[in-house]
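Note sheet for the following structure.
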Amino acid sequence: MCGILGEFGSELTSKNSFIDILFLSRNRGPDMKGYYRNKNIQFGFNRLSILDITQNGNQPIESPSGRYVIVCNGEILNYKKLVRLLNIKKKSLRSGVDIEVVGHALDFWGFKKTLKNLVGMFALAVFDKHEKKLFLARDAAGIKPLYCASTNNGFIFASQYDQIFKHPWFKDKKEININAISDYLKLGYIPSPSALFNNSWLVGPGEYYCININSKFEIFKYFNFNETDEYGELEITSELKLNNIFNKIMPDYINSDVPVGTFLSGGIDSPLINSIISEQTKDLSAYTISSTHSNMDESINAQKIAKHLKIKHKIENFNESNINSWINNHFEAFSEPFSDYSSLPMFMVSKSASSSFKVMIAGDGADEIFWGYPRYLYTLDHRKWFNYPIVMRRILAYFLRKRGITISSGIESKNIENWVFERMGPFYSQDVEKLIPDYCFSQNTKKLYNIPFKNNNPRNLLKWLRKNDFYGHMQRRLLKVDRASMGNGIEVRVPFLDQRVIDFALKILPSLGIEHRDPKILLKKNLYKYLPEHLLLENKQGFSVDIEKILRSDLKEEVQDTLHSKNLFASNIINSKIIKSNLIDYMEERNNNSWEIWTLFALNKFATVHHLI
């Protein structure tokens with residue numbers, strides 16, 4: 001994977017100034033540096049060499065005709081197929097990298113059709129010299145990041161957000177986006193297209209921008225996670241089709257000129273990936289992170305799975321006591337506010353893997369597109385409550401609770417989508433309002449958590465929940481994986497989010513997604529071909545940490561110093577008295593809102609590390 005940077009305007013910054021900003025993404029691409037400049041465009045590239053590790057594979061590149069200049073962070077997984085489809089002769093290729101093939105495709109098809117034919121994870125920038133237009137595109141699932149900003153001097157784009165807000169064209173005119181801060185507190189991250197500062201954006205999944213020399217731009221959607229009622233997968237036998245897809249695409253994921261490893265948990269998703277890969281390659285190595293807390297630890301199960309599959313296995317122990325030694329490096333890797341604390345073990349296991357590998361394969365995305373979370377069933381079980389007025393719900397719940405029946409307090413939400421929204425992050429909306437009296441969530445967030453239908457039948461609800469997660473919760477997870485891994489110079493590939501798997505998943509009848517109240521039934525049926533059922537955990541814990549211990553013990557002094565500081569980030573927007581009051585209550589154990597405290601700490605730690613306060 002790589003780090004990219006670009007400027008587009010009538011007066012570009014000096015090369016030295018530009019290279020200084022490019023240097024910020026050096027961890028994303030520590031192997032080589034590339035540069036291109038003409039009158040109106042300036043491209044920079046930090047390369048993590050994976051395919052054709054010679055200088056021939058470096059970027060930026062020009063298409064064979066010379067019309068297009070291309071720079072890309074990511075992998076085009078179907079580039080070998082494109083070679084055959086376009087009948088590109090071997091002698092016409094000077095390297096073995098995927099992006100050179102994209103150059104041929106651009107000459108043949110132009111930008112729009114080329115984009116439609118790409119399968120992979122990418123943040124792509126293409127400059128058309130003839131039309132003097134810049135195109136920016138992000139992969140369909142949003143695996144790789146692409147930030148941009150419009151300024152009086154021109155348009156800038158980058159892999160990391162700090163390359164935007166520290167850019168000479170932007171840094172002196174940045175203003176905090178109150179909607180973005182509100183979204184962050186509510187969801188634990190800032191969802192696209194919002195970004196922390198006004199006049200800057202995160203390109204959305206499956207989107208591309210077309211920008212002219214005056215920084216005027218249009219946004220187009222080339223992929224939509226559109227649910228359908230034309231289901232092609234209705235029976236449990238669909239597991240065979242899915243297995244064929246996995247076996248067909250996996251060679252694309254292990255294709256590399258450097259060693260490839262995997263992450264392994266004790267659940268369903270990564271064991272399935274490891275099982276398939278172990279049949280297609282030799283000497284596979286898997287990494288797992290362990291915790292001292294048994295309810296968060298999957299390492300023992302992962303070790304049994306690795307032994308059964310006969311793959312090498314390394315367990316990295318998460319040790320909270322030494323967190324002070326690397327916490328700054330963690331926040332340096334996250335160039336935007338982010339508060340999902342599972343980023344801590346992800347950062348640590350990536351650091352461990354980076355000593356041996358540049359490419360790792362993970363199981364992210366499966367829960368979102370195959371209805372894997374228990375909350376899907378929980379939401380289905382409570383859906384009928386919202387057919388009644390709140391007063392009636394309260395009365396019914398009172399009597400049922402008196403009889404010992406557990407009823408979620410969420411039934412007092414005004415509607416079911418509001419209930420889903422309130423469960424998706426560290427703060428409830430009412431607490432965000434206390435911190436930011438003038439709070440307002442972004443339009444995209446409001447739209448995402450708005451059900452577009454009136455009938456909450458199980459099929460409609462499952463369809464909406466999956467699409468909501470694809471553009472919501474999954475984006476937070478992908479952000480975590482990308483920043484934590486790339487901060488350590490590792491590319492993480494995610495086969496479950498391959499376009500070919502997504503296309504299959506969109507054809508699954510929703511009831512098949514949770515057949516007989518068994519989430520991810522198709523994945524489990526596939527996994528049973530490789531592993532005995534007794535090796536699999538019924539309840540997945542995932543990579544997590546004891547955040548309460550970290551806040552009240554290992555980082556206690558730093559948390560208190562940070563949040564009691566007079567110089568808090570966005571103090572003109574966020575009520576610092578509420579922050580300090582919440583912290584005192586937390587440290588004196590009058591409340592146990594660990595994620596809330598971590599969210600406030602992470603925001604200010606991010607701002608400190610990136611010199612915003």
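Tell me, how many Å apart are the Cα centres for the range 439-491 and for the range 323-351?
Each part reduced to its Cα centre gives a spacing of 22 Å.
Where in the range 310-336 does the label zone of Lys282 land, with the point 7 angstrom along Cα→C-beta and an amide N cut-off under 20 Å?
Inside the label zone: 310-313.
Students often get this wrong, so check it: of Lys132/Lys166; Lys241/Lys524; Lys116/Lys507; Lys116/Lys241, which have C-alpha atoms separated by over 18 Å? Walk me through the numbers before you get to the answer.
Working: Lys132/Lys166 26 Å; Lys241/Lys524 14 Å; Lys116/Lys507 20 Å; Lys116/Lys241 24 Å.
The answer is Lys132/Lys166; Lys116/Lys507; Lys116/Lys241.
5 Å is the cut-off here: which amide hydrogens, built 1.01 Å from N in the peptide plane, fall below it relative to Met121, excluding neighbours closer than 5 in sequence?
Those lying under 5 Å, H to H, from Met121 are Glu75, Leu77.
Please report the spacing between the Cα centers of the range 254-316 and the range 356-394 in Å, no decimals.
So the separation of the two Cα centres works out to 25 Å.
Restricting to the chain, what percent of DSSP beta bridges are antiparallel, rounded to 5? Before the final figure, lay out each step's value.
Details: 53 of 68 bridges.
Close to 80 percent.
What is the set of long-range amide H partners of Glu298 at a cut-off below 5 Å, with H atoms built 1.01 Å from backbone N?
Those lying under 5 Å, H to H, from Glu298 are Ser291.
Per residue of the range 73-80, in order, report the coupling 6.51 cos²θ - 1.76 cosθ + 1.60 (Karplus, θ = phi - 60°) as ³J(HN,Hα) in whole Hz, putting x for Gly and Pro.
Per-residue couplings from phi come out as 9, x, 9, 9, 6, 9, 5, 5 Hz.
Keeping all protein chains in place and using 1.4 angstrom, which order do Asp162, Asp431 fall into by accessible surface area, from largest down?
On the way: Asp162 5, Asp431 30 Å².
From most exposed to least exposed: Asp431, Asp162.
Mind listing the long-range amide H neighbours of Lys133? Cut-off is under 5 Å, sequence gap 5 or more, other chains count too, H placed in the peptide plane at 1.01 Å from N.
Here the answer is Asp128, since their amide H atoms fall under 5 Å of that of Lys133.
From the helices alone, meaning DSSP H stretches of at least four residues, give me the mean residue ellipticity at 222 nm for the chain, per-run term -39500 (n - 2.57), in deg cm²/dmol to the nearest 500. Intermediate values should be presented prior to the final figure.
Numbers: 25 runs with 231 residues, N = 613.
Only helices count here, giving -10500 deg cm²/dmol.
Just to verify a number: what accessible area does Asp229 come out at with the full protein assembly present, 1.4 Å probe, Å² rounded to tens?
110
Which of the peptides 77-88, 252-263 is most tightly packed, and how do the rest follow, going by the mean number of other Cβ atoms within 10 Å of each residue? Walk me through the numbers before you get to the answer.
Values: 77-88: 16.6, 252-263: 19.1.
So the peptides 77-88, 252-263, ranked by packing, come out 252-263, 77-88.
Starting at the first residue of the range 547-552, write each ³J(HN,Hα) from the Karplus equation 6.51 cos²θ - 1.76 cosθ + 1.60 with θ = phi - 60°, in whole Hz, x for Gly and Pro.
5, 5, 5, 4, 6, 8
Percent of accessible area on the chain owned by carbon and sulfur, 1.4 Å probe?
Values: 11760 of 25080 Å².
Carbon and sulfur: 47 percent of the exposed surface of the chain.
Suppose all protein chains stay in the model; what accessible area per residue would a 1.4 Å probe give for the range 72-127, in Å²? Write down the numbers at each step before the final one.
Numbers: 2410 Å² over 56 residues.
It amounts to 43 Å² per residue over the range 72-127.
Just the accessible area per residue of the range 475-570, please: how many Å² with a 1.4 Å probe? Write out the running numbers ahead of the final one.
Working: 3620 Å² over 96 residues.
Value for the range 475-570: 38 Å² per residue.
Once fully extended, how much extra length lies between Leu240 and His564, figured as 0.36 nm per residue of separation less the alpha-carbon to alpha-carbon distance?
On the way: separation 324, 0.36 × 324 = 116.64 nm, distance 5.73 nm.
Here the answer is 110.9 nm.
Quick one: accessible area per residue over the range 354-423, 1.4 Å probe, rounded to a whole number of Å²? Spell out each step's value before the answer.
Working: 3510 Å² over 70 residues.
Heavy-atom accessible area per residue stands at 50 Å².
Relative to a virtual label point 7 Å from the Cα of Lys580 in the Cα→beta-carbon direction, which members of the range 589-613 show backbone nitrogen distances below 18 Å?
Of the residues in the range 589-613, 597, 600-601, 604-605 have backbone N under 18 Å from the label point off Lys580.
So how much accessible area does His534 have, in Å² to the nearest 10, using a 1.4 Å probe?
The value for His534 is about 150 Å².
I'd like the distance separating the alpha-carbon centroids of the range 144-160 and the range 111-134, in whole Å.
16
If you take the square roots of the eigenvalues of the alpha-carbon gyration tensor of the range 426-485 and sort them as a ≥ b ≥ c, do you get rounded (a/c under 1.5), prolate (a/b over b/c) or oblate?
Numbers: a/c = 2.54, a/b = 1.15, b/c = 2.21.
Note, shape of the range 426-485 comes out oblate.
How many nm separate the modelled label positions at Tyr222 and Gln55, each set 7 Å beyond the Cα in the direction of the Cβ?
For the pair Tyr222/Gln55, the computed spacing is 3.2 nm.
Using a 1.4 Å probe on the protein heavy atoms only, what accessible surface does Lys529 show? Give it in Å² to the nearest 10.
90
The values are calculated or read from the model by the stated rules, or taken from the named source; none is laboratory data. What you see is a predicted model, and the numbers here were worked out from it, not measured in a lab. FYI the Cβ positions are ideal-geometry reconstructions off the backbone, even for glycines, and counts take in every protein chain you see. We work out accessible area using only protein heavy atoms, side chains counted, and drop any ligands, DNA or RNA first. Shrake-Rupley method; radii C 1.70, N 1.55, O 1.52, S 1.80 Å.
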